[in-house]
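K.L.:
Can you keep this structure in mind? I'll have questions shortly.
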Amino acid sequence: MPITDQANQAERATQGITVDASHEPVSVLTINGGSSSIKFALYQVGERLDRKLFGKVDRIGLNGTNLTFADDDGSPQARLSLPAADHKSAADFLIGWLETQDGFESVRAVGHRVVHGMNHTEPEIVTQDLLDELHRISPYDPEHLPREIKLIQAFRQRHPKLPQLACFDTTFHSDMPRVAKLLPIPRRYEAMGVQRYGFHGLSYAYLMEELASLGDPAATTGRVILAHLGNGASMAAVRDGKSIDTSMAFTPTAGLVMSTRSGDLDPGLAAFLARTEKMTTSRFYDMVNHESGLLGISETSSDMRDLLDQEATDTRSAEAVTTFCYQAKKWIGSFAAALGGLDTIVFAGGIGENSPAVRSRICEGLGFLGIEIDDARNAESAAEISERASQVKIRVIRTDEELMIARSVTRLLRLGTH
Ligand code: ADP
């Protein structure tokens, strides 16, 4: 066996063996690193996963970086200002602070959200090999992977014996049929890993587990559309519990209109802007990821709440909301076709969970697919918002990516019964 394989195997073995569920209490820490924030949560492992602490460091790389947190009862605690604000120093500050918190001594493993896992079909224990691989595939997701690697490394440096797990957003879609994965460009790019991957997988996995716990047969044998509508937005078509297609593709920029991402565009646009405005690739990247979507159309805000507040008096805001809902409606139609019909739609994410107006506009006119929303229940954001006679059940589920990470960690390391 090559030396590196032996080293990795030894590393995995050591990490596995040091996990000992017999010493109470046992906790799991989850880390969800975004472009300018790090969300964290600490769960005590028992009969169920009990969240004891959660919070975030936000405005990383901007003025006024803060750490805010809340106790298990949800009561917000003090806000701490960070002296230095890049990702590395924010991670070091966070770890130093976590070490002083009640319960940190009981942490037996750290679970990280990792947005891109290429072809990994399971969460993985972090080894040097895995870190090398994540470095290698960073060009596939330059926005997320380098920061996520830094976070993992910061924990590894200060707590080298603590097992860490990478939970990938792409995993949920790894079984999609080839017809959904294959992109219609020259074949040779497929060999370089250019294909539809899909993202938001931790949220989707959580939503499917919630559907199963509600006893909805659609969770295991039905045709489901999961709509995760937050700042990042995507949909997944799920049949018999498995993703068969999803709107995000090779990158998270594809698919639906998002807060600052364009979603799908005519590929001819890049060449047109290069010719007419001498736009470079990196400017184009910035434009479609950070200046488009709701922000691009409204020219004022990337936040759906602002746009809904302004739409009566501002045409640009109204058009941003309308375009968002129209494109979402089209994706529902296209996934209903891919699934050969529809049994359940689930709305999740900040917009999906909280905006009756957006849900109602997306579903409007879809009666021909058996989609009938109940206005009163929708206005309350009830758990089930479809009319009783609606063929398609329409549900609102609060997604919880952190809890999904914690469940994955406890399952893989056999820390409890989750
Ligand atoms: P992220 O993808 O960053 O986790 P969220 O899932 O928190 O984002 O979603 C943020 C979006 O949810 C914002 O556009 C915000 O305006 C929207 N949102 C939150 N609450 C409401 C609400 N009550 N009505 C409409 N939109 C809302």
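The values are calculated or read from the model by the stated rules, or taken from the named source; none is laboratory data. None of the values given here were measured: they were computed from a predicted structure. Reconstructed Cβ throughout: ideal geometry from the backbone, glycine too, with neighbour counts over all protein chains shown. Accessible surface is based on the protein model in full, side chains and every heavy atom, while ligands, DNA and RNA are left aside. Shrake-Rupley method; radii C 1.70, N 1.55, O 1.52, S 1.80 Å.
K.L.:
If A379 passes every condition in (1) under 19 Å from the mean Cα position of the chain (by Cα); (2) open to solvent by 30 Å² or more (accessible area, probe 1.4 Å) but one, which one does it miss?
P.N.:
(1)
K.L.:
So in the range 122-140, with the set limited to residues that are touching a strand residue (DSSP E or B) at 6+ places or on another chain (Cβ under 9 Å) and in a loop (DSSP other than H, G, I, E, B), which one is least open to solvent (accessible area, probe 1.4 Å)?
P.N.:
V126
K.L.:
Looking at (1) touching a strand residue (DSSP E or B) at 6+ places or on another chain (Cβ under 8 Å); (2) open to solvent by less than 60 Å² (accessible area, probe 1.4 Å); (3) at pLDDT below 80; (4) not aliphatic (A, V, I, L, M), which is the one condition that is false for G74?
P.N.:
It is condition (1) that G74 fails.
K.L.:
All but one of (1) exposed (fewer than 12 other Cβ atoms within 10 Å of the Cβ); (2) touching a residue at least 60 places away in the same chain (Cβ under 8 Å); (3) of a type in the set (S, T, Y) hold for S81; state the number of the condition that does not hold.
P.N.:
(2)
K.L.:
Further question: Which fully enclosed helices (runs of 4 or more DSSP H) of the range 226-323 have 1 or more residues being more than 13 Å from the ligand (Cβ to nearest atom) and out of contact with any strand residue (DSSP E or B) (no Cβ under 6 Å at 6 or more places or on another chain)?
P.N.:
Numbers: elements: 268-277, 281-290, 293-298, 304-310.
By residue number, 268-277, 281-290, 293-298.
K.L.:
Look at D92 and say whether it is assigned to a loop (DSSP other than H, G, I, E, B), open to solvent by 20 Å² or more (accessible area, probe 1.4 Å), among the charged types (D, E, K, R) and modelled with pLDDT under 95. First the steps, then the outcome.
P.N.:
Numbers: assigned to a loop (DSSP other than H, G, I, E, B): no; open to solvent by 20 Å² or more (accessible area, probe 1.4 Å): yes; among the charged types (D, E, K, R): yes; modelled with pLDDT under 95: yes.
The answer is no for D92.
K.L.:
What pairs can you find where one residue is in the range 25-37 and farther than 12 Å from E105 by Cβ, the other is small (G, A, S), and their Cβ atoms are less than 6 Å apart, with a gap of 6+ or different chains?
P.N.:
V28/A109; V28/A406; T30/A41; T30/G111; T30/A406; S36/G61
K.L.:
Please specify each residue of the range 201-237 satisfying the condition of being among the charged types (D, E, K, R) and at pLDDT below 95.
P.N.:
First, the residues of the range 201-237 that are among the charged types (D, E, K, R): 209-210, 216, 223.
Within the range 201-237, D216 is the sole residue that qualifies.
K.L.:
Turning to a different aspect of this structure: Can you tell me which residue in the range 335-346 is least open to solvent (accessible area, probe 1.4 Å), limited to those that are over 13 Å from I371 (Cα atoms) and touching an Asp or Glu at 6+ places or on another chain (Cβ under 8 Å)?
P.N.:
If we filter the range 335-346 for residues that are over 13 Å from I371 (Cα atoms), which is where we start, we get 335, 337-340.
Add one more test, that the residue is touching an Asp or Glu at 6+ places or on another chain (Cβ under 8 Å), and what stays is 335, 338.
Numbers: F335: 2, A338: 48 Å².
Applying the filter and picking the extreme gives F335.
K.L.:
Since I149 meets every condition but one in (1) open to solvent by less than 30 Å² (accessible area, probe 1.4 Å); (2) among the aliphatic types (A, V, I, L, M); (3) touching a residue at least 24 places away in the same chain (Cβ under 8 Å), which condition does it not meet?
P.N.:
(3)
K.L.:
Also, quick follow-up: State whether the residues of the range 401-413 include one that is away from the ligand (no atom under 16 Å from the Cβ) and in a loop (DSSP other than H, G, I, E, B). Can you show your working first?
P.N.:
As a first pass, look at the range 401-413 and keep what is away from the ligand (no atom under 16 Å from the Cβ): 406-413.
Of the ones still in play, those that are also in a loop (DSSP other than H, G, I, E, B) are 413.
Yes, the conditions are met somewhere in the range 401-413.
K.L.:
Looking for something surrounded by fewer than 22 Cβ atoms within 10 Å (Cβ to Cβ), in contact with a Lys or Arg (Cβ under 6 Å, 6 or more places away or on another chain), modelled with pLDDT of 95 or more and not aliphatic (A, V, I, L, M) - is there at least one such residue anywhere in the range 238-254?
P.N.:
For the range 238-254, residues surrounded by fewer than 22 Cβ atoms within 10 Å (Cβ to Cβ), in contact with a Lys or Arg (Cβ under 6 Å, 6 or more places away or on another chain), modelled with pLDDT of 95 or more and not aliphatic (A, V, I, L, M): present.
K.L.:
Considering every residue within the range 174-191, establish whether at least one is among the hydroxyl-bearing types (S, T, Y), within 15 Å of H112 (Cβ to Cβ) and outside any helix (DSSP H, G or I).
P.N.:
Step one: filter the range 174-191 for residues among the hydroxyl-bearing types (S, T, Y), giving 174, 189.
Narrowing further to those that are within 15 Å of H112 (Cβ to Cβ): none.
The answer is no; no qualifying residue exists.
K.L.:
Say whether the condition of being open to solvent by less than 30 Å² (accessible area, probe 1.4 Å), among the acidic types (D, E), in contact (Cβ under 8 Å) with a residue 40 or more places away in the chain and within 16 Å of the ligand (Cβ to nearest atom) is met by at least one residue in the range 347-367. Before you say what the answer is, go through the steps one by one.
P.N.:
Our first condition is that a residue be open to solvent by less than 30 Å² (accessible area, probe 1.4 Å); within the range 347-367, this holds for 347-349, 351-353, 355, 358-359, 362-363, 366.
From what's left, among the acidic types (D, E): 353.
From what's left, in contact (Cβ under 8 Å) with a residue 40 or more places away in the chain: 353.
Next, from what is left, pick out any that are within 16 Å of the ligand (Cβ to nearest atom): 353.
Yes - at least one qualifying residue is present in the range 347-367.
K.L.:
If the Cβ limit is 7 Å and pairs must be 6+ apart or interchain, which residue in the range 306-329 that is open to solvent by less than 30 Å² (accessible area, probe 1.4 Å) pairs with which residue that is among the hydroxyl-bearing types (S, T, Y) and within 15 Å of the ligand (Cβ to nearest atom)?
P.N.:
From residues that are open to solvent by less than 30 Å² (accessible area, probe 1.4 Å), the pairs are L307/S298; L307/S301; L307/S317; S317/S298; S317/T300; A320/S298.
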